[in-house]
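The values are calculated or read from the model by the stated rules, or taken from the named source; none is laboratory data. Just so we're clear, the structure is a prediction, and the values are computed from it rather than from any experiment. Note that each Cβ is placed from the backbone with ideal geometry, even for glycine, and that neighbours are counted across all protein chains shown. For the accessible areas, the whole protein counts, side chains as well, though only heavy atoms, and no ligand, DNA or RNA atoms are used. Shrake-Rupley method; radii C 1.70, N 1.55, O 1.52, S 1.80 Å.
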Amino acid sequence: MSTALVREQIASFLKSPKPAVLCVRGNWGTGKTYTWKTALEEAATKPGGIALEKYASVSLFGINSVSDVKQELIHETISRERIGKEFNPEDVNSIYQEGLAKLTRGASWFGGIFGDGYVNAGVSLMSLFIRKRLICIDDLERKGESLRSADVLGLISQLKEDRDCKIVLLLNDEQLEDKDEFESYLEKVVDINLRFKPTPEESATIALKDPEGSAEVAEMVRNNVTKLGIDNVRVIRKLHSFVLQIEPLLKGYAPGVFKSVALTLVLMGWCHLQPEFAPSKDFLVRRRGIFSDYIAKEKGEFTPKELQWTQLIANYGYSHTDEFDVALLSGIEDGFFTKAIIDAHAAELNQRVEADLASIELRDIWRDFHNSFDGELDVHLERFTECITKYGKFYSLNDMLAVVNMFRDLDRNAAGDQLLDLYLEARKEVKGAYDFHDVELFGTRLDQDIKSRLLKLDAGQKPAPPVEELFLLLADEGHNRNITERLAALPVEEYVRVLKLHKGDNFRAMRAGLTQYNNLLNPDEFNIQIMRKANSALQQIALENPLNKFRVSRWGIAERLARNPQAPAQDAQPAQAG
């Protein structure tokens, strides 16, 4: 039942003087107590909002006897007019005025009869004056070990039937150790039984009411927890505190960095604080992106629960886990974040955020350029010039050539060439910045003068690596034509030699590089040649002994080639064992 419906039921319950028991059950931290208190305080401000004149609220946390519960009811009773107001010592005096004077007149008589139990006897006698009161009993699931739920329900029944009281019972029944016994008595005692299940939006509203920090941060957390469906008020407040804690450590970085970090903190923090509801931390740490998810789904590697997690995380907008995300998780587990660790990773994220901003700005300029017949040409071109000057280092060669070609087509060759100069200079430290393989793949026009310049720059950027380094580079640069074209041209014997020569980390890197095309839907001609030659080498190695045959069977290259009968044939054949 939503918060609004529960509040309606509470309001109706409070207006009636008729003795009754209202039970509100719900998960830990969802705001049951808060909702009760706010509804009670609101009713106290309205004429006739609360029928009974006195109110007592008792938490059973750690209480071990019914006698202690009664004593708390005496101590915690206040008048209806004091509900929602700050504590006043006079309230305590007023509690005793009804019965204490009577007990005092016979104090010596009680002392003679009860001896050392005089105080307890007094409390028991005073409890007889608990009549026609509104009572809230909270935290039943956290009662002391010696206090049974059945005893509490028995007291509640007595207060209702014999003392004309109205009682509200708040609890998380899922955490009760004696739940079966509780359930067996519940229907006999309770008149109204409500399941409190607020929406994530309602829980966020409760948790982030009058929050610390800025309203913008609170709204960011609100949006994130709502997307994940988090309904625990205390967890939401803790997640908000994580975000507040890290905010000052990210001053000086692009605003998008803080937004990205907040998104990760809410997700990772939820997994840490509520592992029974959230995706497991191990599952998150292993997450490598949408494509990896697709492959895992196709192979049936996900459990039904993990499939649900995958969809939830995708809808949330969390793509993959990197080193920065793992560092943030460690900070959550440790309870603090350090500036040094944040700075070690935030700079890279800042680059990605700026790249995203650059992409958005260029896209918007192109959209405005094409989506009307208004505007002066020079005004449009000036926007392109400012954008490339500001963000040039973040654009791909394909993006840049589209702009330069447009300048050339509009007879602004000199201006376009100046932009190209700025771009090439800005990208000189970027590995593979001048490789135009993707440009040709996507059909973007590449004028001969620009192509010649790129070839020269690419050749000067790095020397051709030796053969063995080609195999090591393949894992990280599997689409770099300078690497794949040379590997595709090597004879099978070189593959055999290199694979037999290396062990350990180098061997794992080579295996990762050679098998990366197994899941590629449309490998190019060089990728296919590499797979075929690697397979020929592996088949030759497999003939050496049963152990190597078993190892080779786990690489999956032969199976991948078998699924691609349209691939061009490979001339090289597996060598026969001598």
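Scanning segment 184-206 for residues that are over 17 Å from ILE137 (Cβ atoms), free of Cβ contacts under 8 Å to residues at least 40 places away in the same chain and not hydroxyl-bearing (Ser, Thr, Tyr) yields a count of 4. One residue stands out among those in segment 195-216 that are in contact with a helix residue (DSSP H, G or I) (Cβ under 6 Å, 6 or more places away or on another chain) and among the aliphatic types (A, V, I, L, M): the one that is farthest from VAL24 (Cα to Cα), which is LEU208.
When segment 405-425 is filtered for residues that are buried (at least 18 other Cβ atoms within 10 Å of the Cβ) and either among the polar types (S, T, N, Q) or farther than 15 Å from LEU377 by Cα (or both), the ones remaining, listed by number, are LEU419, LEU420, TYR423, LEU424. The set of residues in segment 8-36 being farther than 17 Å from ALA204 by Cα and part of a helix (DSSP H, G or I) consists of GLU8, GLN9, ILE10, ALA11, SER12, PHE13, LEU14, LYS15.
Taken over segment 437-458, residues that are at pLDDT below 80, under 40 Å from the mean Cα position of the chain (by Cα) and either assigned to a helix (DSSP H, G or I) or surrounded by 14 or more Cβ atoms within 10 Å (Cβ to Cβ) (or both) amount to 5.
Counting only helices (runs of 4 or more DSSP H) that fall entirely inside segment 150-247 and contain at least 1 residues that are modelled with pLDDT under 90 and either out of contact with any Phe, Trp or Tyr (no Cβ under 6 Å at 6 or more places or on another chain) or open to solvent by less than 10 Å² (accessible area, probe 1.4 Å) (or both), the qualifying elements are 179-189.
The set of residues in segment 288-315 being within 17 Å of PRO275 (Cβ to Cβ) and surrounded by 15 or more Cβ atoms within 10 Å (Cβ to Cβ) consists of GLU306, TRP309, LEU312, ILE313. Residue count for segment 223-273, restricted to those that are polar (S, T, N, Q), farther than 20 Å from VAL326 by Cα and touching a residue at least 60 places away in the same chain (Cβ under 8 Å): 1. Of all the residues in segment 1-28, those that are under 24 Å from ILE236 (Cβ atoms) and either aliphatic (A, V, I, L, M) or open to solvent by less than 10 Å² (accessible area, probe 1.4 Å) (or both) number 7.
Give the residue that is surrounded by the fewest Cβ atoms within 10 Å (Cβ to Cβ), with candidates limited to residues of segment 469-504 that are more than 38 Å from the chain's Cα centre (by Cα) and outside any helix (DSSP H, G or I). The extreme case among them is LYS503. Scanning segment 149-183 for residues that are under 39 Å from the mean Cα position of the chain (by Cα) and without any contact (Cβ under 8 Å) to a residue 60 or more places away in the chain gives SER149, LEU176, GLU177, ASP178, LYS179, ASP180, GLU181, PHE182, GLU183. Among the residues of segment 341-380, those identified as within 24 Å of ARG412 (Cα to Cα), open to solvent by 50 Å² or more (accessible area, probe 1.4 Å) and of a type in the set (A, V, I, L, M) are LEU377, VAL379.
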